[in-house]
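Accompanying notes for the structure given below.
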Amino acid sequence: MLAVNGLSYAYPGGAALRFPDFALAAGETAVVAGPSGSGKSTLLMLIAGLLTPATGDVQVAGRQLSEHRGAAGDALRGQLMGVVLQSFRLLGHLSVVENVVTAQFFAGRRPDRAQARAVLASLDIADLAERRPDALSRGQLQRAAIARAVVNRPPLLLADEPTSSLDDDAAEAVLALLTDVSGRLNAGLLVATHDSRVKARFSRIVELRQSAEGAP
Amino acid sequence: MTLLSLALAGLRDNRLSHLLSVLMLGIGLGTVTLLLLFSGTLADRLGRDARDIDLVVGAKGSPLQLVLSTVFQADIPTGNIPLAEAEALAANRQVRLAVQLALGDAVGAFRIVGTSPAYLTLYDAHLADGRLWQKPMEAVLGASAAARLRLKPGDSFVGAHGLQGEGHLHADHPYVVTGILAESGTVLDRLVLTAVDSVWEVHEHHHHHDADHDDDDDGDGDGDAERAGREVTAVLIQYASPVAAISLPRHINLETPMQAASPGFEIARIYSLVGVGLDAFRALAASLILTSGLSVFVALYERLRARRYDLAVMRLLGASRRQLLVTILLEGVLLAGAGAAFGLLLGHAGVLALHHLLPAGHAFAVVSSAWRVEEWLVPALAAAVGLVASIIPALAAYRCDVSAALAGAEV
């Protein structure tokens, strides 16, 4: 499902970062752990094909995103992975259901409002479809962001610090939700975090220890 | 969902600042529209009214005033010329057509012009209703004059002394309407036409009212002695040959008590006089459009900074660089389109307002609010402003570094 081999990245400043090899099977979950500056976000960007590796490659569902340049690669990213970001960033000028439809649209699929609503219903937020993100509670935002990530039924889910600034109950709720939907989709789930509560919940952990000079 | 609907949603998001941009752009483009309508109609009108008139001969004075007062019916005449001189002109071999005009009275805001049917042939004018005048005190009305005065064939009206219809009424000399002209888009639309004899009849009566003048109702029956003292205001002339353009004006100006003025030459002078005003208007419109373009740019660019994270999220969702570029360009073009629509409406509404504010016979009231071909310039200008204002924000969106944008907002 996901295979990372010999991957390294060179920052524009010159500092380089090497990542350990690892693989994730369908339905498998793992945590990418490490302190700030260890390259967790950089790894996610490399997997998403939004940064170009210096060496090595990333394969998602047998396809190498770095080989697909331009618009085709962009749409492929939309199809192959769903991303949940810290603080769940929805597009503020669109309603919840429009946010979900946007993910269909940019993945190169035909926008399907009915399917988007069905996904919202499966996450128990069907009644929030027409709301603006700023009218949602944190828990509702989480569900909306997850709905947007899974609407294209991607083989891989990426989550970047989904629990930061959440209390224990909320953190547990979002992790339970993520593992639940990835299980339902039989998708790989990779969670990047420095939160020890997350590490404690997952059996597979990819540790990033080194810190690159000049790395963000 | 399309890029268009995304662009529209983006515009809705910041609607106050975008509304302001549209307003500013609309006012700038409205000024351009007004200018196009104004200068276009003016050019049409000046050209059409003077098209087939080579020379105007009237009393000495300002040649511009002579042309304005007789060709465009927009100023007071320089004076009168003796009928005998006018008739001598008509007999000149260099003259193909000579049309006498006798001014002096008006009905409402519309001038009563004593003339001959040849005046109508100058403009290819046709009757829409009724017949031409055949004897004194019969009148044919131009289309606008008839509509405003609510007169139809068989009705009668009285003229008032003076060209604005502000003088005392010639109540004892009523005119009978015999015909209405079809709209010709020329000066004729605003005139009341009658025989020159009618004007003489009204005024001889008027001038000799207190004297022991025997009222002569039959204008045709005048003897030579009586004709000798008669005058007309001007004669419109068509040359028999191009050579006449050289010799005839010279002859008239040097050897007669009259002056000859060329409408073409005087139109050029009008342009040089009005041109300064039009240039000032153009500069105003240009600065308004420039400012509004800047405001569109600032609105899009400011929002782009606030939206960097959103753009990065869209990239994560699978948006290509080009899709982001097109979305921002669309926002600029949509704003410009709204500005163009608003500007065109504003310009045309401005002309309609002008019509309400100005008296019916006013020379500027001829500016038409009808759509003109040149108005394509307005949306074209708007599109250019929209593209130029959005190209830098759009390129910034195109180049947006997703990982830096996400990291930057994650503080």
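The values are calculated or read from the model by the stated rules, or taken from the named source; none is laboratory data. Since we're looking at a predicted model, the values are computed, not measured. Virtual Cβ from ideal backbone geometry, glycine too; neighbours counted across all protein chains shown.
Within segment B:289-301, restricting attention to residues that are surrounded by fewer than 21 Cβ atoms within 10 Å (Cβ to Cβ) and not polar (S, T, N, Q), the residue that is farthest from the other protein chains (Cβ to nearest Cβ) is B:Leu290.
So, of the residues in segment A:192-216 that are among the polar types (S, T, N, Q) and part of a loop (DSSP other than H, G, I, E, B), which turns out to be modelled with the lowest pLDDT? Applying the filter and picking the extreme gives A:Ser211.
Keeping to segment B:253-263, report how many residues are assigned to a helix (DSSP H, G or I) and surrounded by 16 or more Cβ atoms within 10 Å (Cβ to Cβ).
Residues meeting the conditions: 1.
Which condition number in (1) surrounded by fewer than 21 Cβ atoms within 10 Å (Cβ to Cβ); (2) at pLDDT below 90; (3) within 11 Å of another protein chain (Cβ to nearest Cβ) is the one that A:Arg89 fails? So the condition that A:Arg89 fails would be (1).
If we scan segment A:149-169, do we find a residue that is part of a helix (DSSP H, G or I), under 13 Å from the mean Cα position of the chain (by Cα), within 14 Å of chain B (Cβ to nearest Cβ) and of a type in the set (A, V, I, L, M, F, W, C)? Write out each step before concluding.
Step one: of segment A:149-169, the residues part of a helix (DSSP H, G or I) are A:149-150, A:168-169.
Filter once more, keeping what is under 13 Å from the mean Cα position of the chain (by Cα): A:149-150.
Now narrow it down to the ones that are within 14 Å of chain B (Cβ to nearest Cβ): A:149-150.
Among the residues that remain, those that are also of a type in the set (A, V, I, L, M, F, W, C) are: A:149-150.
Yes.
The set of residues from segment B:114-132 being of a type outside the set (Val, Ile, Thr) and under 21 Å from B:Ser69 (Cβ atoms) comprises B:Gly114, B:Ser116, B:Ala118, B:Tyr119, B:Leu120, B:Leu122, B:Tyr123, B:Ala125.
Among the residues of segment B:1-54, those identified as over 22 Å from B:Leu346 (Cβ atoms), assigned to a helix (DSSP H, G or I) and within 14 Å of chain A (Cβ to nearest Cβ) are B:Leu3, B:Leu4, B:Ser5, B:Leu6, B:Ala7, B:Leu8, B:Ala9, B:Gly10, B:Arg12, B:Asp13. Reported count of residues in segment A:170-191, each being under 14 Å from A:Ser122 (Cα atoms) and either of a type outside the set (Val, Ile, Thr) or not in a helix (DSSP H, G or I) (or both), is 7. Among the residues in segment A:127-147, are any under 23 Å from B:Leu304 (Cα atoms), within 13 Å of the chain's Cα centre (by Cα) and not hydroxyl-bearing (Ser, Thr, Tyr)? Taking every residue of segment A:127-147 in turn, at least one turns out to be under 23 Å from B:Leu304 (Cα atoms), within 13 Å of the chain's Cα centre (by Cα) and not hydroxyl-bearing (Ser, Thr, Tyr). Give the residue that is farthest from A:Leu175 (Cα to Cα), with candidates limited to residues of segment A:30-52 that are within 13 Å of another protein chain (Cβ to nearest Cβ) and in a loop (DSSP other than H, G, I, E, B). Within segment A:30-52, the match that is farthest from A:Leu175 (Cα to Cα) is A:Thr52. Looking at this structure, is B:Leu334 under 30 Å from B:Ala319 (Cβ atoms) and either part of a helix (DSSP H, G or I) or at pLDDT 80 or above (or both)? Spelling it out, B:Leu334 is indeed under 30 Å from B:Ala319 (Cβ atoms) and either part of a helix (DSSP H, G or I) or at pLDDT 80 or above (or both). Quick one: would you say B:Leu304 is under 30 Å from A:Val150 (Cβ atoms), within 14 Å of chain A (Cβ to nearest Cβ) and either touching a Pro at 6+ places or on another chain (Cβ under 8 Å) or exposed (fewer than 15 other Cβ atoms within 10 Å of the Cβ) (or both)? When the stated conditions are applied, B:Leu304 passes them. Can you say whether B:Gly277 is of a type outside the set (S, T, N, Q) and free of Cβ contacts under 8 Å to residues at least 12 places away in the same chain, as far as the supplied structure shows? In short, yes. When segment B:16-33 is filtered for residues that are buried (at least 22 other Cβ atoms within 10 Å of the Cβ) and out of contact with any Ser or Thr (no Cβ under 6 Å at 6 or more places or on another chain), the ones remaining, listed by number, are B:His18, B:Val22, B:Gly26, B:Leu29, B:Gly30, B:Thr31, B:Val32, B:Thr33. Scanning segment A:99-113 for residues that are surrounded by 21 or more Cβ atoms within 10 Å (Cβ to Cβ) and either closer than 24 Å to A:Ala192 by Cβ or at the interface with chain B (Cβ under 7 Å from one of its Cβ atoms) (or both) yields A:Asn99, A:Val100, A:Val101, A:Thr102, A:Ala103, A:Phe105, A:Phe106, A:Ala107. Residue pairs whose Cβ atoms lie under 7 Å apart, separated by 6 or more positions or on different chains, with the first residue in segment B:316-335 and within 11 Å of chain A (Cβ to nearest Cβ) and the second buried (at least 24 other Cβ atoms within 10 Å of the Cβ) and among the charged types (D, E, K, R), are B:Gly318/A:Asp74; B:Gly318/A:Arg77; B:Ala319/A:Asp74; B:Ser320/A:Asp74. Residues in segment A:127-148 that are within 14 Å of chain B (Cβ to nearest Cβ), part of a helix (DSSP H, G or I) and free of Cβ contacts under 8 Å to residues at least 60 places away in the same chain: A:Pro133, A:Asp134, A:Leu141, A:Ala144, A:Ala147. Consider segment A:58-75 and keep the residues that are facing chain B (nearest Cβ under 8 Å) and in contact (Cβ under 8 Å) with a residue 24 or more places away in the chain. The one that is surrounded by the most Cβ atoms within 10 Å (Cβ to Cβ) is A:Asp74. In the set (1) in a helix (DSSP H, G or I); (2) touching a Gly at 6+ places or on another chain (Cβ under 8 Å), the condition left unmet by B:Phe281 is number (2). Restricting segment B:57-99 to residues that are over 16 Å from B:Arg111 (Cβ atoms) and of a type in the set (Val, Ile, Thr), the residue that is surrounded by the fewest Cβ atoms within 10 Å (Cβ to Cβ) is B:Val95. Under the condition of being touching a Lys or Arg at 6+ places or on another chain (Cβ under 7 Å) and over 15 Å from B:Leu6 (Cβ atoms), the residues counted in segment A:99-123 number 1.
Of a type in the set (A, V, I, L, M) and either surrounded by 20 or more Cβ atoms within 10 Å (Cβ to Cβ) or within 27 Å of A:Thr52 (Cβ to Cβ) (or both): does that describe A:Ala121? No, not satisfied.
Yes/no matrix, rows are residues, columns are (1) surrounded by fewer than 16 Cβ atoms within 10 Å (Cβ to Cβ); (2) free of Cβ contacts under 8 Å to residues at least 24 places away in the same chain; (3) more than 14 Å from chain A (Cβ to nearest Cβ):
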{"position": "B:Val367", "(1), (2), (3)": "no, no, yes"}
{"position": "B:Leu381", "(1), (2), (3)": "no, no, yes"}
{"position": "B:Leu387", "(1), (2), (3)": "yes, no, yes"}
{"position": "B:Ser390", "(1), (2), (3)": "no, no, yes"}
{"position": "B:Pro393", "(1), (2), (3)": "no, no, yes"}
{"position": "B:Arg399", "(1), (2), (3)": "yes, no, no"}
{"position": "B:Ala404", "(1), (2), (3)": "yes, yes, no"}
{"position": "B:Ala407", "(1), (2), (3)": "yes, yes, no"}
